[in-house]
Amino acid sequence: MCAAPMPPLAHIFRGTFIHSTWTNPMEVLRDHLLGVSDSGKIVFLEEASQQEKLAKEWCFRPCQVRELSNHEFFMPGLVDTHIHAAQYSFAGSNVDLPLLDWLTKYTFPVEHKFQNLDFAEEIYTRVVRRTLKNGTTTACYFGTIHTDSSLLLAEITDKFGQRAFVGKVCMDLNVTVPEYKETTEVSIEETERFVSRMLQKNYSRVKPIVTPRFSLSCSETLLGKLGNLAKTHNLHIQSHISENSSEVAAVKNLFPDYKNYTDVYDRNNLLTNKTVMAHGCYLSAEELKVFRERGAALSHCPNSNLSLSSGFLNVLEVMKHKVKIGLGTALGLEKEIGNFEVGKEFDALLINPKASDSPIDLFSGDFFGDLSEAVIQKFLYVGDDRNIEEVYVGGKQVVPFSSSV
């Protein structure tokens, strides 16, 4: 008999779960039971020896428990803090120029095409499907200056079940082709329309994020208005900072009355505990101190930095200043996702190192009855999407894709 009526469970898994906590960078929980409610929240994570007690408490039968193979494991979903969704069509190519020339020759002309909603739908559908398949359960997306296609990106993201922040890009300055930028007034009006529509939609897991492209492409007036907009609606903010030495010098010339690049954002209310800034390769100790005081985060993008020869981020220096930084953290969602603690939403990847087309070779020494940490490490370093059997966001299985999407 059940101890008392309890909410129904959507999933009960038995097997190995790995995650990180504030006190342990990698915790491996072997032979555990994890329960997920209909609302997508984790309601228990305990040793399998507690199954009888849990079954009475949560009213489930042994046949409802899904047992993983001894080589499979669950890990938290990946969080990508910086994705230019509109650049997906030329990902992996066109990396022969430094940042500012690269923007002019390749990026702006491609992003201009996103005024066409059919073009936008194809690219945005592909990038959402690809990132989900690769295990990205939460994404922070840059769209383009086009409001309607950016709204379409949010709609597609919601349809596929991905957790996301979506931003309409703002830029009114230093773009040579007029059609590639907006006037200050239009940028503000369209951003307000974008935010208003997003808030009206009230997607469960897709939220708007204020997105000045970077200080070099935004006037002081635009930056100030965007900061006020974010403050009024308590919104997240994303942009770029100190990616390239030429860019840093150009910002200094453009904003001579400000102390440094960070100060441009800070004095315009754009550096808050809901801000994530990409790159940060050339931030000074003084700037890092401001980041820490404001609670703002850095998104480290080593692949991009190397591909465009932008520079190197001294991660140890950033950590020494106690600034939030990560490839997969820093979006202010640590109370909702990130590990398998009770009360958080079940954003998770089911990993199969023995998948039929796996890029990982396993050997007898990798197993000693239970899954070894060596197998986990092999997936983290040489595994890929072929090892990701299933993807869950908020307790809902989103990969493999359903026929409806």
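The values are calculated or read from the model by the stated rules, or taken from the named source; none is laboratory data. Small disclaimer: the values here were computed from a predicted structure and weren't measured. Cβ sites come from the backbone with ideal geometry, for glycine too, and all protein chains shown count toward neighbours. Accessible surface areas use protein heavy atoms only, side chains included; no ligands, DNA or RNA. Shrake-Rupley method; radii C 1.70, N 1.55, O 1.52, S 1.80 Å.
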Give me the extension gain from ALA285 to SER245: residue separation times 0.36 nm, minus the current Cα-Cα distance, reported in nm with one decimal. 12.8 nm
Computed accessible area, LYS53, all protein chains, 1.4 angstrom probe, square angstrom: 90
What is the antiparallel percent of DSSP beta bridges lying wholly in the chain, to the nearest 5? 45
The Kirkwood hydrodynamic radius of region 239-355, taken as the inverse of the mean 1/r over all distinct Cα pairs, in Å, comes to 15.6
With 0.36 nm assigned to each residue of separation and the Cα-Cα distance removed, ARG126 to LEU306 gains 62.3 nm
Explain nothing, just the number: dipole magnitude of region 288-405 about its Cα centre with +1 on each Lys and Arg Cβ and -1 on each Asp and Glu Cβ, in debye rounded to the nearest 20. 720
For region 66-159, report the % of Cα-Cα distances exceeding 21 Å. 40
Positive end of the dipole of the chain, charges at C-beta (+1 Lys, Arg; -1 Asp, Glu), about the Cα centre: which of VAL382, CYS63, THR125 has its Cα farthest in that direction? CYS63
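Given a 1.4 Å probe and every protein chain left where it sits, what share in percent of the accessible area of the chain is carbon and sulfur?
50
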With a 1.4 Å probe and all protein chains left in place, how much accessible area per residue does the chain have, in Å²? 46
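Give the value in nm², to one decimal: projected area of the alpha carbon convex hull of region 307-405, averaged over all directions. List each step's numbers first, then the result.
Values: hull surface 42.9 nm².
Across all orientations, region 307-405 yields a mean hull projection of 10.7 nm².
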Given the convex hull over the Cα atoms of the chain, what projected area results after averaging over all orientations, in nm²? 21.4
For region 163-261, what are the per-bin percents of Cα-Cα distances with bins 10 Å wide, up to the bin holding the maximum? 15, 45, 31, 9, 1
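Could you list the chymotrypsin sites (Phe, Trp or Tyr not before Pro) in region 268-370 that lie in coil according to DSSP, counting only those with at most 13 other Cβ atoms within 10 Å of their Cβ?
PHE312, PHE363
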So which lysines can LYS259 reach, going by Cα to Cα under 16 Å and dropping same-chain residues fewer than 8 places off? LYS289
Charge dipole (the chain, unit charges on Cβ, about Cα centre) - positive-most of PHE255, PRO208, VAL391: PRO208
Which entries of LYS335/LYS378; LYS207/LYS231; LYS41/LYS133; LYS168/LYS274; LYS181/LYS201; LYS181/LYS225 show an alpha-carbon separation above 20 angstrom in the structure shown? LYS335/LYS378; LYS41/LYS133; LYS181/LYS201
Taking the 0 to 90 degree range and rounding to the nearest ten, how far is the long axis of helix 220-233 tilted relative to the main principal axis of the chain, both from C-alpha atoms? 30
Quickly work out the HIS233-to-LYS113 label distance, labels modelled 7 Å from Cα along the C-beta direction, and quote it in nm with one decimal. 2.9
What is the projected area of the convex hull of the Cα atoms of region 1-113, averaged over all directions, in nm²? 12.0
Fluctuation leader among GLY365, GLY15, GLY227 - the chain, Gaussian network, Cα springs under 10 angstrom: GLY365
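Calculate the dipole size of the chain relative to its Cα centre from +1 charges on Lys and Arg beta carbons and -1 charges on Asp and Glu beta carbons; express the result in debye to the nearest 20.
640
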Within the chain, longest stretch free of exposed GluC sites (Glu not before Pro) [DSSP loop, at most 15 other beta carbons within 10 Å]: 1-333
Value of Rg to Rh for region 51-99 (Rh from inverse mean 1/r over Cα pairs, i.e. Kirkwood): 1.38
Measure nothing but the geometry: give the 0 to 90° angle between the long axis through the Cα atoms of 285-294 and the longest principal axis through the Cα atoms of the chain, rounded to 10°. 60
Quick one: angle between helix 245-254 and the longest Cα principal axis of the chain, in degrees between 0 and 90, rounded to 10, please. 50
How large is the charge dipole for region 38-124, taken about the Cα centre, if only the Cβ atoms of Lys, Arg (+1) and Asp, Glu (-1) carry charge, to the nearest 20 debye? 200
Using a 1.4 Å probe and ignoring any ligands, DNA or RNA, find the accessible area of ILE360 and quote it in Å² to the nearest 10. 10
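Under 37 °C and 0.692 mPa s, how fast does region 1-64 diffuse according to Stokes-Einstein, given a Kirkwood radius computed over C-alpha pairs? Answer in µm²/s, whole number.
Stokes-Einstein gives a translational diffusion coefficient of 263 µm²/s.
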